[in-house]
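The values are calculated or read from the model by the stated rules, or taken from the named source; none is laboratory data. It should be emphasised that the depicted structure is a prediction, and the values quoted were computed from it without experimental measurement. For neighbour counting, all protein chains shown are included, and Cβ atoms are generated from backbone atoms with ideal geometry for every residue, glycine included.
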Amino acid sequence: MLHIVACIKQVPDTKIIKMNPKTNTMDRASAPAILNPYDAHAVEEAVRLKKKYGGTVSVLTMGPPPAVKAIKKCIEIGADEGYMISDRAFAGADTLATSYALTKAIEKISQIKPVDLIICGKMTIDGDTGQVGPGIARRLDMPPLTSVNKVKEINVEEGYAIVHRKLEDGYEVIQSTMPCLMSVEKEINDVPYSSMTNMLKAARYQPVIWAVADLEDVERTQLGLKGSPTIVSKVWAPKKPSGGEMLEGDAAQQTEQLLNLLLEKKELFVAKGGSGVEL
Amino acid sequence: MSEKFDVIVVGAGPAGISCSYELAKAGVNVLLIERGEYPGSKNVMGGVLYRKMMEDVIPEFWKEAPLERPIVEQRFMMMDKESAVTVGYKGMEWGQEPYNNFTVLRAKFDQWFAGKAVEQGALLVNETVVLECIVENGKVVGVRTDRPDGNLYADVVVLADGVNSLLAKSLGFHKEFRPDEVALATMEIIKLDKKTIEDRFNLEENQGTTIELFGDATKGILGTGFLYTNKDTLNLGVGSLLSGLIKHKIKPYELLEYVKNHPMIRPYIAGGEPVEYLAHMIPEGGYKSMPKVAGNGVLVVGDAAQLVNAIHREGSNLAMKSGQFAAEAVLLAKERDDYSEATLNHYKTRLMSSFVGQDMKKYKDSTHHFDKFPQYFDKYIPMVNKAASQMFTVDGSSKWEKQKKIWRDVGTAGEKFKLARDAYRAWKVMK
């Protein structure tokens, strides 16, 4: 039976977050905390694979106590179990320290039930790095399959997975051994409206919470701020885009203008390495 | 697979939450369904929470609830176009425990309050819309939600789905409300720093002011405006009966813009940044518009039961009390194992004999009266302003002369009679 672990994170909703103009940092209190949108697709994919091949879906997060809400959201989507590692020692972790801590948690989950597949979202919307997934794969010595937009086949007995990886101008089909780690794109699936059964389960659910002391063989120097070599030297808010051309007139005139404009700038639409569109 | 609960409460506002809280505390298996992302996300009120009724549910709640400021001063401003006559009361006894009332931001407060019900054992499900009650053999036995496998069953369904309760309506408990039974309120939350608020309103830390606005705040249409102080925001809003807005062809946000630019209000909010804009309906039909509140397997509480005392801007406290009475009736029904209307009517009896029912009855004609006779708002308030201006302007004429002139300005003998009659009428509907 397939055991899938989906790694998830609670993030501030960056669509509405405000930047502090003085410090150039995110004013986290200005936005509600949500489940990282990419992670919802990761959990949904895990749930779909479970329905297809049978098995269990566990979700794992690292965060402060309120992050329980993000786990509950995953139970709503259809996950079976939730694990959370929460400890002051984890605070201030960059992607290196985060992937270390999550790896230690996955090792512990494996003792409860061996893990066949780890699925992560493409990246978080507050960090935008996409590094934690591959970081976990490296530490667990698993093949990292990034930018996955379709899981074509999984074969637990023979131990392989076939997936589509998104490329700039198409996709590639690759086969990997299992266990492996996938980080998935948004278009891999649509997260449906959760069933009442899952909603009730989530409302009642309490995840397993581990502190550092509950994990095994942990080198404390690799955790949190201490284990984070990343230095943020400068943060700035991007300039708001301005300008652009406005088309005026009625629909027919606008269409005419648009066509002329597209013809004028056709070299912008030539695919990289390809022959382009003949106009 | 559909689950059965003892009680399903629809709507996590003050009525629904206090009902769930009491039931869960008594060990009843209760499910609270909220359509918003979280309790409070869709809830709106001007912002005054009364201590007494909240304390009846959670003693000493002020020690942990997310409140804004305890109110130490209440002002009433009767506004004309460029003037206002203000009366008010400020007292330090309101600034200390147990306090009188508080300003709150509902998005924060309701979330906290619902959390307390969950602590007691209530099950909370958000982001779920109840589409209708499931009725079998003339008895409500559950609800149908918009989720897959979304039918749920219960011995009693408590409808706390707010003003214009579609669920109570679909059960035939009330008709579509008329425009003179509901008010539409719009408000802005305006950000200003704490110190500026305290300076402008003459407050110390952890003190707040409420100002009710009458007359020109609503351009003479029946309604009120309000300006309340939070920690570092102000709530400024106006509300008037839908019928008045329709009659005068004024859009609610135009009224809000008008009051924001009024010379009596403008200096209070100068330099503030609007951070939220909210609008909501308020049930103001009063006693005569109350729907049937108890049926077989079903109870109606809070705004859904039209429990608002418009004259005294009270609503959330009536809602909480009704939630508690509903819980009481459910416990009685559970004890008797009889969820019929006859038993659940205990709720109605308790409600109507309490201050809730008494106040609803006392003011049963007040909104309708002021709606019928617009002169209170569009004539008498300007008259009071003019009188005050004349009396307090020092221009060399004697006070006797001034009084005579004010009385002369009321108009002909006929108009003086009308004034006396209207004063008597107003006293009658408010007494």
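Assorted remarks:
- Of all residues in the stretch B:37-57 being out of contact with any Asp or Glu (no Cβ under 7 Å at 6 or more places or on another chain) and small (Gly, Ala, Ser), the one that is nearest to B:Gly297 (Cα to Cα): B:Ser41
- Residue ID - farthest from the other protein chains (Cβ to nearest Cβ), chosen from residues in the stretch A:173-223 that are in a helix (DSSP H, G or I), among the polar types (S, T, N, Q) and surrounded by 14 or more Cβ atoms within 10 Å (Cβ to Cβ): A:Gln222
- Taken over the stretch A:4-16, the residue count meeting the criterion of being β-branched (Val, Ile, Thr) and within 14 Å of chain B (Cβ to nearest Cβ) is 1.
- Among all residues of the stretch B:151-158, there is at least one that is among the aromatic types (Phe, Trp, Tyr), over 30 Å from B:Leu245 (Cα atoms) and within 14 Å of chain A (Cβ to nearest Cβ).
- Test: residue in the stretch B:204-211 that is closer than 24 Å to B:Leu278 by Cα, assigned by TED's automatic domain parsing to the domain that holds B:Ala15 and touching an Asp or Glu at 6+ places or on another chain (Cβ under 8 Å): no
- Set B:Val104, B:Val135: member being farther than 30 Å from B:Leu227 by Cβ and in contact with a Gly (Cβ under 9 Å, 6 or more places away or on another chain): B:Val135
- Note on the stretch B:300-334: residues that are in contact with a strand residue (DSSP E or B) (Cβ under 9 Å, 6 or more places away or on another chain), among the aliphatic types (A, V, I, L, M) and part of a helix (DSSP H, G or I) total 10.
For (1) away from every other protein chain (no Cβ under 14 Å); (2) surrounded by fewer than 24 Cβ atoms within 10 Å (Cβ to Cβ); (3) under 20 Å from the mean Cα position of the chain (by Cα), each residue gets a yes or a no:
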| residue | (1), (2), (3) |
| --- | --- |
| B:Glu136 | yes, yes, no |
| B:Arg144 | no, yes, no |
| B:Ala160 | yes, no, yes |
| B:Lys169 | yes, yes, no |
| B:Ala183 | yes, no, yes |
| B:Lys194 | yes, yes, no |
| B:Asn202 | yes, yes, no |
| B:Phe214 | yes, yes, yes |
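- Residues satisfying the criterion are absent from the stretch A:114-135 (criterion: among the acidic types (Asp, Glu), more than 17 Å from the chain's Cα centre (by Cα) and not in a loop (DSSP other than H, G, I, E, B)).
- A:Thr23 satisfies every condition listed in (1) at pLDDT below 95; (2) assigned to a strand (DSSP E or B); (3) polar (S, T, N, Q) except (2).
Here's the yes/no breakdown for (1) closer than 13 Å to B:Gly121 by Cα; (2) within 14 Å of another protein chain (Cβ to nearest Cβ):
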position: B:Val7; (1), (2): yes, no
position: B:Val30; (1), (2): yes, yes
position: B:Arg35; (1), (2): no, yes
position: B:Met45; (1), (2): no, no
position: B:Arg51; (1), (2): no, no
position: B:Asp56; (1), (2): no, no
position: B:Pro59; (1), (2): no, no
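- Qualifying residues in the stretch A:26-58 (those that are over 23 Å from A:Gly130 (Cβ atoms) and assigned to a helix (DSSP H, G or I)) - the one farthest from the other protein chains (Cβ to nearest Cβ): A:Tyr53
- Scan of the stretch B:90-134 for residues that are within 14 Å of chain A (Cβ to nearest Cβ) and part of a strand (DSSP E or B), ordered by number: B:Leu123, B:Leu124, B:Val125, B:Val130, B:Leu131, B:Ile134
- Only one entry of B:Lys81, B:Lys90, B:Lys63 meets the criterion of being of a type outside the set (A, V, I, L, M, F, W, C) and touching a helix residue (DSSP H, G or I) at 6+ places or on another chain (Cβ under 8 Å), and that entry is B:Lys81.
One line per residue, one yes/no per condition, for (1) more than 25 Å from B:His312 (Cβ to Cβ); (2) assigned by TED's automatic domain parsing to the domain that holds B:Leu331; (3) out of contact with any strand residue (DSSP E or B) (no Cβ under 6 Å at 6 or more places or on another chain):
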| position | (1), (2), (3) |
| --- | --- |
| B:His346 | yes, yes, yes |
| B:Ser353 | no, yes, yes |
| B:Ile381 | no, no, no |
| B:Ala387 | yes, no, yes |
| B:Asp395 | yes, no, yes |
| B:Lys404 | yes, no, yes |
| B:Gly411 | yes, no, yes |
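- From the options A:Asp94, A:Asp128, residue that is out of contact with any Lys or Arg (no Cβ under 6 Å at 6 or more places or on another chain) and crowded, with 18+ Cβ neighbours inside 10 Å: A:Asp94
- Meets criteria (of a type in the set (S, T, N, Q), out of contact with any Leu (no Cβ under 8 Å at 6 or more places or on another chain) and at positive phi) for B:Asn137: yes
- Qualifying position, being of a type in the set (A, V, I, L, M, F, W, C) and surrounded by fewer than 22 Cβ atoms within 10 Å (Cβ to Cβ), among B:Leu331, B:Leu255: B:Leu331
- Test for A:Lys73: is it over 17 Å from the mean Cα position of the chain (by Cα) and either part of a helix (DSSP H, G or I) or surrounded by 18 or more Cβ atoms within 10 Å (Cβ to Cβ) (or both): no
- Candidates B:Thr186, B:Thr229 - the one that is closer than 30 Å to B:Lys288 by Cα, touching a Phe, Trp or Tyr at 6+ places or on another chain (Cβ under 7 Å) and polar (S, T, N, Q): B:Thr186
- Taking the criterion of being within 16 Å of B:Glu314 (Cβ to Cβ), out of contact with any Ser or Thr (no Cβ under 7 Å at 6 or more places or on another chain), part of a helix (DSSP H, G or I) and of a type outside the set (Lys, Arg), the residues of the stretch B:352-374 that qualify are B:Phe355, B:Gly357, B:Gln358, B:Asp359, B:Met360, B:Ser366, B:Thr367.
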